[in-house]
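Down below is the structure, laid out as structure tokens.
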Amino acid sequence: MPEESYKGYPDPSRVISVEQAAGLVGRKDVVFVDTRNYWKYAKGHIPGAVNLELYAFHWVDTSTEGVRAFAKQMVSLLGALGIGNEKQVIFYQNNSGYDAARGVWLLELLGNKKGRLLDGGLNLWKREGRALSSEDPKYDRAKFILKLEESQLCTLEALQGHVRMKDATVIDVRNPGEFSGKYRRALKLGHVPGSRNTEWKNALRRDGTLKDARQLRRIYEGISPDSQVVTYCQSGYRAAHSWLVLNLLGFRSVSNYLGSWYEWGNGEETTVAR
């Protein structure tokens with residue numbers, strides 16, 4: 001399924017072009033997931049796609065118990081939509097945005113490494129004149145066996161350790177106003193000490209598609225693909241997008257801090273920088 005030369009990415013396995021995705025519509029081993037809200041979905045979606053408004057599922061407790069509860073909930077939800085461990089899953093929204101990226105990250109976290117983001121999303125699909133549907137598809141529940149890939153997730157405790165040991169590159173993918181503390185999004189203002197600010201949307205072209213590998217490398221210049229990297233934002237969605245982009249570039253050890261600023265910025269024992 002991966003396109004080996006797609007946009008020059010060293011590892012393009014987590015993204016798919018509209019052209020290639022169009023050839024997979026109707027296949028029983030492939031599930032398209034529309035991550036927009038239902039009312040947008042109902043007005044027109046890729047034929048056969050199921051609807052899962054991923055932005056509705058925030059989580060701020062990254063304790064061991066909290067992560068297990070989150071994973072159990074998500075596995076049950078995906079299984080109810082007909083998604084199991086072996087299904088190929090294509091997540092999309094209007095553009096190459098963070099809700100779809102969150103889906104790819106989530107699926108991999110839970111043990112299915114066959115998730116893809118549709119580059120260009122539904123907007124590009126429409127621009128190319130491809131078919132749409134307004135019908136809710138029929139699907140059967142699938143068995144999704146949880147195989148938690150903990151390396152894909154960073155917890156509050158782990159990030160505190162990285163800050164203390166200075167053994168990871170921590171990337172705050174929020175906008176500069178959030179990073180500086182100009183905008184209040186939690187009890188505490190500012191950012192994780194030692195983190196660098198690289199806004200997630202720098203990875204997108206004006207038409208909503210992903211930039212190519214050469215353009216993306218410039219954004220992350222100075223960070224070795226062999227280094228340990230943690231991404232975070234406000235709630236782990238934009239951070240999932242940067243997680244995906246860094247994986248496309250061949251970074252070997254990238255984790256998404258699920259709790260992000262909702263957890264860190266409201267934590268009793270966390271420190272912040274301004």
Is one or more of the residues making up the stretch 85-100 under 13 Å from the mean Cα position of the chain (by Cα), small (Gly, Ala, Ser), under 19 Å from Leu148 (Cβ atoms) and surrounded by 23 or more Cβ atoms within 10 Å (Cβ to Cβ)? no
For residues in the stretch 73-91 being polar (S, T, N, Q) and in a helix (DSSP H, G or I), which is nearest to Lys28 (Cα to Cα)? Ser76
Check Asp207 against each of (1) assigned to a loop (DSSP other than H, G, I, E, B); (2) more than 20 Å from the chain's Cα centre (by Cα); (3) under 30 Å from Glu19 (Cβ atoms) and name the one condition it does not meet. (2)
Considering Val254, Val230, Val192, Val272, which residue is outside the structural domain of Arg116 (by TED's automatic domain parsing) and touching a Pro at 6+ places or on another chain (Cβ under 9 Å)? Val272
Pick from the stretch 61-70, criterion of a type outside the set (S, T, N, Q) and surrounded by fewer than 20 Cβ atoms within 10 Å (Cβ to Cβ), ranking: farthest from the chain's Cα centre (by Cα): Glu65
Checked Gly103, Gly79, Gly115 against criteria (surrounded by fewer than 19 Cβ atoms within 10 Å (Cβ to Cβ) and touching a residue at least 60 places away in the same chain (Cβ under 8 Å)); the one match is Gly79
How many residues does the stretch 1-51 hold that are in contact with an Asp or Glu (Cβ under 9 Å, 6 or more places away or on another chain) and among the aromatic types (Phe, Trp, Tyr)? 4
Asp226 meets each of (1) assigned to a helix (DSSP H, G or I); (2) touching a Lys or Arg at 6+ places or on another chain (Cβ under 7 Å) with one exception, condition (1)
Restricted to the stretch 101-119 and to residues being part of a helix (DSSP H, G or I) and not hydrophobic (A, V, I, L, M, F, W, C), the residue nearest to the chain's Cα centre (by Cα) is Arg102
May I ask you to list the residues in the stretch 243-274 that are under 15 Å from Val173 (Cα atoms) and either among the aromatic types (Phe, Trp, Tyr) or free of Cβ contacts under 8 Å to residues at least 12 places away in the same chain (or both)? Trp243, Tyr257, Trp261, Tyr262, Trp264
Subset of the stretch 254-273 [touching a helix residue (DSSP H, G or I) at 6+ places or on another chain (Cβ under 7 Å) and surrounded by fewer than 22 Cβ atoms within 10 Å (Cβ to Cβ)]: Gly267, Thr270
Of the listed residues (Ala203, Ala240, Ala213, Ala186), the one being out of contact with any Ser or Thr (no Cβ under 9 Å at 6 or more places or on another chain), of a type in the set (Gly, Ala, Ser) and closer than 22 Å to Ala101 by Cα is Ala213
Counting only residues that are assigned to a loop (DSSP other than H, G, I, E, B) and among the β-branched types (Val, Ile, Thr), which one in the stretch 35-54 is nearest to Leu122 (Cα to Cα)? Ile46
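The values are calculated or read from the model by the stated rules, or taken from the named source; none is laboratory data. Keep in mind that what you see is a predicted model, and the values were worked out from it rather than measured. No Cβ is skipped: glycine too gets one built from the backbone with ideal geometry, and neighbour counts run over all protein chains shown.
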